[in-house]
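Here, each number is a calculation from the coordinates, and none is a lab measurement. If you're wondering where the values come from, they're calculated on a predicted model, not measured in any experiment. All Cβ positions, glycine included, derive from the backbone under ideal geometry; neighbour counts span all protein chains shown.
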Amino acid sequence: MVETVGKVVIAIIVAVVVRWGWKILNWAWLNPKKLEKSLREQGYKGNSYKLLKGDLIELATIVKEGRSTHMPISHDITSHVLPFENHIFNKYGKRTYTWFGPKPRVYVADPDLIKEILSRPDEFRRPHREPLRDSVIGGLVVSEGRKWAKHRHIINPAFHLDSIKNMFSAICLSCSEMIGKWEPLTAESGVAEVDVWPYIDNLAGDVISRAAFSSCYEEAHNIFCIQKEQMELALQLMPILYLPGGRFIPTKANKKFKENRIKLQAFAKGIVEKRKAPVEMGQASNDDLLGILLESNAKEVQECGVGMSMEDVIEECKLFYIAGSETTSTLILWTMVCLSLHQEWQTKAREEVSTVFGTQELHFEGLKHLKIVTMILNEVLRLYPPATMVLRATHEKTKLGDMMIPSGVNIIIPIIYVHHDPEIWGEDATEFKPERFSEGIASATQGKGWGAFLPFGGGPRICIGQNFAMVEAKVAIAKILQRFSFELSPSYKHSPFAVFSLPPQFGAHLILHDI
């Protein structure tokens, strides 16, 4: 009897080992090779698959070399920002794929195909959950299907123009405080060299703290600081991301990342709970993003019985910080750099701001009259898009154009390459020419449509906060132009750096002049 039981146990163990061994073999080798064969048959080219690591080692090496120094001052930045992709495109052409571990990534840069992908979010979804990525960028960005639709419906009121108008004074206050920190630097001689990046980076966090969480401003700012550290840690952890159990390896970065995640949840939960009770009791909410979100969620629960959970609201709060601060800070920064390089446009923008506002405080209605500033911001978004690429995936065999994309393939839309493509924008595609937007975005893309201009994504899942970002950028640039003129410092090093957005790797040293 004992011998029989022993044989059964051994048989079960062997069966389990064989089953899991087969799964691992399929995940690590058989399926990647099957996908590689399918992609090659459809005319895609790329490196042969290497067990587990794929192209990760080559990617890390090329990126490390590319970021060891700055580049010449130019708006032709694609090869510096995405050096590995530039290497692959030069080697295989546009119809190519790469390996991110055992996952192939197909590159799609045709505007018509891009529109098709982004217009079909149920078919081209986000990749399956990745704990490291999703703990930094969660909420609406990673939600799918009905959950995404419900959350978007609940969150929408927080980003209506009327809601943003109510936050206008908070945006102005943060911008004025930043300029107030620059004024003492130029007070003595009327001129000063300043690395403006730390100030602008803090400005964006300050704005979102006030505009999203006005009554919990100090606690909210703690979220901003921890989120910044999480993004840096995520970059450090990227090389072990696709190792089986990589996130459990007890490295210093892994431990700190987990500690920060717990702190973030605690901070965000404290803020939400403090604000949630009064809203549920029917008291008026503050005119900030969190208050409007909680009010909209309470209404949804009342009308439909189901809304967003506490966990969902917390994730959206964290997303406010990443999306709200990262996108806008880099837009403001690169606008200052571009206007430093192109003084004629700085002069035109300042004259327009003076015509609309004079030396007085800004008012919300005046922003729509800043036509030149809007043209400049659109051109900066084209040349220096906050997100350099968009990632989607197929979860079943899916038709795209004349291709059949197998299940399990990641699709990369390389936004920065699309924005710099001479076939779309003309031979001057890498030049700073805001006048190309003088007749609007549709005219600027020369009939290619929104698939050619994607600073905030596109389709049904276009960034919900794009209007907020543009209002903040207009306010910041207008206020800076009222108070200072600026130019590049001789110590400025041009190095756009692709992380979750496009910050400057070596800061941004400008020379500020009092006006």
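Points to keep in mind about this one:
- Theoretical gain in end-to-end length, residue 428 to residue 399 [0.36 nm per residue, Cα-Cα removed]: 7.0 nm
- Multiplying the residue separation of residue 9 and residue 513 by 0.36 nm and subtracting their alpha-carbon distance yields 173.4 nm.
- Förster radius 30 Å - calculated FRET efficiency between residue 112 and residue 146 (Cβ-Cβ, nearest 0.05): 0.55
- Put in order of Cβ neighbour count within 10 Å, fewest first, the listed residues 58, 396, 315 become 396, 58, 315.
- Taking a straight Cα-Cα cut-off under 19 Å and skipping sequence neighbours fewer than 8 places away in the same chain, the lysines within cross-link reach of residue 493 are 64.
- Full-extension gain in nm, residue 18 to residue 252, via 0.36 nm per residue minus C-alpha separation: 80.8 nm
- Per-residue [θ]222 nm for the chain (sum of -39500 (n - 2.57) over DSSP H runs n ≥ 4, rounded to 500): -17500 deg cm²/dmol
- Of 165/228; 91/150; 368/433; 53/399; 103/433, those spanning more than 32 Å from alpha-carbon to alpha-carbon: 91/150; 103/433
- Cα gyration tensor category, rounded, prolate or oblate, for region 1-155 with a/c compared to 1.5: prolate
- Under the simplified labelling scheme, the residue 74-residue 177 pair shows an inter-label distance of 4.1 nm, with each label point 7 Å from Cα along Cα→Cβ.
- Under 5 Å, built H, 5+ apart or other chain: amide partners of residue 100: 55, 105
- Set of aspartates and glutamates with alpha-carbon distance to residue 371 below 18 Å, sequence-local pairs under 8 removed: 344, 351, 352, 379, 435, 439, 472
- For residue 494, distant residues with modelled amide H under 5 Å away: 71
- Cβ-based charge dipole, the chain, positive-most Cα from 97, 471, 21: 21
- The fewest-to-most ranking of 29, 345, 20 by surrounding Cβ atoms within 10 Å reads 20, 29, 345.
- Averaging the Cα positions of each part gives two centres, and for region 479-515 and region 392-432 these lie 31 Å apart.
- Cα centroid of region 327-375 to Cα centroid of region 23-94, whole Å: 39 Å
- Normalising the average separation of contacting C-alpha pairs (under 8 angstrom, six or more residues apart) by the number of residues puts the relative contact order of the chain at 23 percent.
- Spin-label zone in region 93-109 - amide nitrogen under 17 Å from a point set 7 Å from the Cα of residue 60 along the C-beta vector: 99-103
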